[in-house]
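The values are calculated or read from the model by the stated rules, or taken from the named source; none is laboratory data. Values in this document were obtained by computation on a predicted structure and should not be read as measured data. Positions of Cβ are generated from backbone atoms using ideal geometry, with glycine treated the same way; all protein chains shown enter the neighbour counts. For accessibility, only protein heavy atoms count, side chains too; no ligands or nucleic acids. Shrake-Rupley method; radii C 1.70, N 1.55, O 1.52, S 1.80 Å.
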Amino acid sequence: MPKLHRHPAVYSTGRERRKRRLIITLVLTLLILAGIAAAVLLLIVPQTRIVTWSTGDGGGGGGQGQPSDGSAAATGGQGGEGGPGGAAGENPAFPYPCGINDGSVKRVQGLSVSNLPKEGGVYLGTSLDWSTIDPRAWSAYLGHSASIVDRFFHLDDSGLLTWDVSPTNCSTGPQRLTVFQWAANILQEMGGSIMSITVTPDKGLEAVTDSVIATIVKAVKDVNDLGVEVLVRFGHEMNGGWYIWGQNPRLYRDTFARISQAIKRSTTKAAMVWAPNNGDGYPFGGGQYTPKRGDPRFTEMDTNGDGVIDTKVRSKPP
């Protein structure tokens, strides 16, 4: 009797059938899980309209800003970390609500700049762009107030760039406040967080005169007067060469100290934050503001005098 041969296009082995069934089962399982995840997101994500902004200078800065939802542009919108803010002005597309805690947000207790965590301790905080999401909304999403709420503010040769706001839906009627007073009210009512102000000296450290420092002190006092304590995070990542205030050891230390002294003369409810970048990769060569040989800043950073900027230190005091 002739031997029958199975044609591969018609017949398949049991192993191949099992393999196909396994693949089909996996695909169906993934589709089901994706559907469940989408349903959960729709249930838990608040249906809140948040206006996002694109800026005219491409650097996260101010000037003419255009909201991505097609609303009217705001003149003088505040910039993000990437670039300088524009002229002081209110973002009309953002509602600036009042800080009303209906009890759903858990308050933080006992926070003070005079009692910050010891070594190894941590405060959970957040850095927000207050022109797109406010501290009240963030706390409501989380169900708990952040220990620290931060925002970037730009410093030019005239002072700290700020703006006034007109909060909406306030039980006390129409108000006009500085953005610092508005935020302090929210932090006080929502849960007693510490406010952090990241100050970026966009015109360089040489432009931080006494009159400019006075505008920082005033902003801090405005917040303190409403019962909120403040951390001033001046010129962050100063050990890198990518910011105009970076890798300028002597002048940075002197400027930091002047601001600290001015704040301490005016209030006991504020503290300075020393905020270098993570040291991995130091000295981060190639930045726009990295000093070269012959620059006095290079000499200041060459701490062991071997003609190279690195992590080596002097073996003996000079």
> Which percent of the accessible heavy-atom area of region 214-318 goes to carbon and sulfur, probe 1.4 angstrom?
Replying inline: 53
> For Asp225 and Thr311 in one chain, what is 0.36 nm times their gap in residues minus the Cα-Cα distance, to one decimal in nm?
Replying inline: 26.6 nm
>> What number comes out for accessible area per residue over region 145-253 if the probe is 1.4 Å? Units Å², please.
In response: 34
>> Longer than 22 Å from Cα to Cα, which of Lys218/Lys264; Lys218/Lys269; Lys203/Lys264; Lys106/Lys221 are they? Say none if no pair is.
In response: Lys203/Lys264; Lys106/Lys221
> Distance in nm between label sites at Thr299 and Ile36, each 7 Å beyond Cα in the beta-carbon direction?
Replying inline: 6.9
> Put a dot 7 Å past each Cα toward the Cβ at Arg107 and Asp210; how far apart are the dots in nm?
Replying inline: 4.1
> Can you list the lysines whose alpha carbon is less than 23 Å from that of Lys312, not counting same-chain residues fewer than 8 positions off?
Replying inline: Lys292
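In nm, what is the difference between 0.36 nm times the number of residues separating Asn115 and Asn277 and their Cα-Cα distance? Before the final figure, lay out the partial values.
Working: separation 162, 0.36 × 162 = 58.32 nm, distance 2.38 nm.
Difference between extended and current length: 55.9 nm.
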>> Could you check the spin-label model distance between Asp156 and Lys264? Points 7 Å from the Cα along Cα→Cβ, value in nm.
In response: 3.2
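Of the heavy-atom accessible surface of region 103-197 (probe 1.4 angstrom), what whole percent is carbon and sulfur? Could you put the intermediate results ahead of the total?
Values: 2100 of 4260 Å².
Within region 103-197, the accessible surface is 49 percent carbon and sulfur.
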> Efficiency by 1/(1 + (r/R0)^6): what FRET value for Asp254 and Ser166, r their Cβ-Cβ distance, R0 = 25 Å, to the nearest 0.05?
Replying inline: 0.05
